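Q: Please find one structure pasted underneath; my questions will follow.
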Amino acid sequence: MAIAMRYAIDEHEAADILGHSFVKMFRSIHSFDVSKGNFHGWLKKIIINESLDHIKQRSRFSSLELGAAEEPFVDNSIIEKTDAAAILRLIKQLPPATHAVFVLYAIDGYTHKEIAAQLSISEGTSKWHLSEARKILQQKLTAIKN
Amino acid sequence: MNKTTPYEQLITAKLDEIPVPDMADSIWASIEMQLDAVPSSPDNIQQPKKTIKFNGKGWYGIAGVAALSATLWWYTSHKEQPTEKTTPVITVPAPQAPIMDSSTSVPPPEKQPLPLVKPKKDTVQFIEVAPKIDSATHEIVPAPKADSPLLKYQSIFIPPRDSVSMPPPKKSRGVKGISDDDYKISAGNKDSTGQKPHSPS
């Protein structure tokens, strides 16, 4: 449920994602191969794929290329002091595509190549969305500090 | 850009602490509802596939039958046309009164039963082949007399009934000028052996 909530807009969409993911899991349980990975990783992948399907339905991924971008600085103390729910709300305020790329890369550990393949975009577009997400989050976290 | 920043790692750790809303019952209910619909769906999906496959082959069969029937129809229709053309339509040439002098009047041909061509049911029309005789000529030409010398030429002017069924004229046999009487042995002509021997005196 926690995985679905990172990508969903609200709790209801997260529940919908989780329900569809479990149905997919039950339908394809015979194709699960223990030698390829553990069950938790397999189920997590199903939930993330279902979440991305929902994001694709409600948003468009335009092709954007990243130029030279500076990495924004964020004070860690601000994040430590901020409530987890508030941080999640900040992340959900990002544009849908930027939100998806940020969660995939920063939280779930996907590479730009994997993100590009999952969202049918180029790696440059994925990098642009990540840079855009970091900029927006820095501005919002700085606003919380002040 | 290719590495996660420290604050992102902190965010990840924070997000794991987020309490999950208690929606387990509603989620399981929706899962159960979707799974109950699953057993009927594979059958519903497979049946159209089967029908599509059957229809695809069926269309080929129907097209083949249609092509075969069209070919047969074309063949039979082209085969019947020559028979229609060769249907014998008996047309007896209308006898015409020979143009002759008024002195040598030709008697009209004897009235014969008119040949009627039996019409076929659909294609051949009923043709009444009645010799058209000029009414004026018919009236003018007198009836033949029994002792008229022209009677011997009557057979010339009688139209043949059927040119196809007329037997060819018989060829005369034997040598001309020799009749059957020439081969008879008369009693008067005795053999030379039956003659009386001449006296030596």
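Q: Are there any pairs, at least 6 apart or on different chains, whose C-beta atoms fall under 6 Å, with the first in the range B:22-38 and more than 9 Å from every other protein chain (Cβ to nearest Cβ) and the second open to solvent by less than 50 Å² (accessible area, probe 1.4 Å) and hydroxyl-bearing (Ser, Thr, Tyr), and if so, which?
A: From the range B:22-38, no pairs qualify.
Q: Also, I was wondering about something else. Do we find that A:Ile78 is at pLDDT below 85, within 11 Å of another protein chain (Cβ to nearest Cβ) and part of a helix (DSSP H, G or I) in this structure?
A: Judged against the criteria, A:Ile78 is a match.
Q: If you check every pair at least six apart or on different chains, which have Cβ atoms under 7 Å apart with a residue in the range A:1-26 that is over 17 Å from A:Ile107 (Cβ atoms) first and a residue that is polar (S, T, N, Q) second?
A: Cβ pairs passing all conditions: A:Ala15/B:Ser26; A:Gly19/B:Ser30; A:Gly19/B:Gln34; A:Val23/B:Gln34.
Q: State all residues of the range A:32-49 that are part of a helix (DSSP H, G or I) and either at pLDDT below 85 or within 13 Å of B:Ile27 (Cβ to Cβ) (or both); if no residue qualifies, say none.
A: Passing the criteria: A:Val34, A:Ser35, A:Lys36, A:Ile47.
To keep it simple, each residue is scored yes or no on (1) open to solvent by 50 Å² or more (accessible area, probe 1.4 Å); (2) over 14 Å from the mean Cα position of the chain (by Cα).
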site: A:Tyr105; (1), (2): no, no
site: A:Gly109; (1), (2): yes, no
site: A:Glu114; (1), (2): yes, no
site: A:Ile121; (1), (2): no, yes
site: A:Thr125; (1), (2): no, yes
site: A:His129; (1), (2): no, no
site: A:Arg134; (1), (2): no, no
site: A:Gln138; (1), (2): yes, yes
site: A:Ile144; (1), (2): yes, yes
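Q: Looking only at the range A:81-125, which residues are within 17 Å of A:Gln57 (Cα to Cα) and of a type in the set (S, T, N, Q)?
A: Across the range A:81-125, the qualifying residues are A:Thr98, A:Gln118, A:Ser120.
Q: Looking only at residues that are surrounded by fewer than 20 Cβ atoms within 10 Å (Cβ to Cβ) and over 18 Å from B:Thr12 (Cβ atoms) in the range A:1-22, which one is nearest to the other protein chains (Cβ to nearest Cβ)?
A: A:Glu11
The values are calculated or read from the model by the stated rules, or taken from the named source; none is laboratory data. This structure is a prediction, so every number in the text was calculated from the model and none was measured. Glycine also receives a Cβ, built like all others from the backbone with ideal geometry; neighbour counts cover every protein chain displayed. Protein only, heavy atoms only, side chains kept; ligands, DNA and RNA dropped before computing areas. Shrake-Rupley method; radii C 1.70, N 1.55, O 1.52, S 1.80 Å.
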